[in-house]
Amino acid sequence: LSTCAAMVVTSIKGLYNPQQMANLYMKYGYRSANNGTYWSAFRFTADVFDIDYTETVYLDKACELLQKGYYLITGCGNGLFTTGGHFIMLYGFDGTYIKVYDPYLYSGKFNTASRRGKAIVDGNTVLVTKDNFRAYANYGTFFCFKNDRTDVKENTTDVVITKEETTEFTNYTAKVTARSGLNARSGASTSYKRLSGY
């Protein structure tokens, strides 16, 4: 997550590396109990660096935003990009291929039996057709950052938080009665993608 967020901020505002991003998330409480980072860190990032921001769960809308110059981050489950959980950055769509920066791109990644023929690697870019992305990426919410940068510049953003948000945690037990089964989704509403069921 920190690497993708750093790619977005660097592309729009100027150089900001993954370690700086991770430190920022740690400092302001976006590190989760399972050693990950809360998804709310994306909105926080947009606010801190003054970048217009929106979210969508729809691939068609994501592709429209890519064509308008947005940079998108999405988390993927077991599929084309990972066997576990993994964030990738989408930076373009030419009508056929979605252009992806994969922070965990390595030689031969897309030359395995389950991935072969579903993506093309061109330098540091992974090209995936929209249909293949839909079928195999196992994506969730798209976190969308508007790129309005027109020049090349150094990042002069002073990270100043005027009001610190605090989160209190408590342990509790919840009982759920699901007469027809329970769906685990990628977000906190029924509009989010179904990940699994019980």
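The values are calculated or read from the model by the stated rules, or taken from the named source; none is laboratory data. Because the structure is predicted, anything quoted here is derived from the model rather than measured. So basically every Cβ, Gly included, is an ideal-geometry build from the backbone, and we count neighbours across all protein chains shown. Heads up: the accessible areas ignore ligands, DNA and RNA and are worked out on the full protein's heavy atoms, side chains in. Shrake-Rupley method; radii C 1.70, N 1.55, O 1.52, S 1.80 Å.
Structure notes:
- The stretch 76-150: chymotrypsin sites (Phe, Trp or Tyr not before Pro) falling in loop per DSSP and having at most 12 other Cβ within 10 Å: Tyr104, Tyr106
- Placing +1 on the Cβ of every Lys and Arg and -1 on the Cβ of every Asp and Glu, with nothing else charged, gives the stretch 1-156 a dipole about its Cα centre of roughly 400 debye.
- Within the accessible area of the stretch 1-135, the carbon and sulfur atoms contribute 46%, probe 1.4 Å, all protein chains present.
- Accessible surface for the stretch 55-117, divided over its residues, is 48 Å² per residue with a 1.4 Å probe.
- Cα centroid of the stretch 56-92 to Cα centroid of the stretch 104-154, whole Å: 8
- For His86, the residues 5 or more places off, or on other chains, whose built amide H falls under 5 Å of its own are Cys76.
- Ser107 paired with Asp50, simple spin-label distance in nm, labels 7 Å along Cα-to-beta-carbon: 4.5
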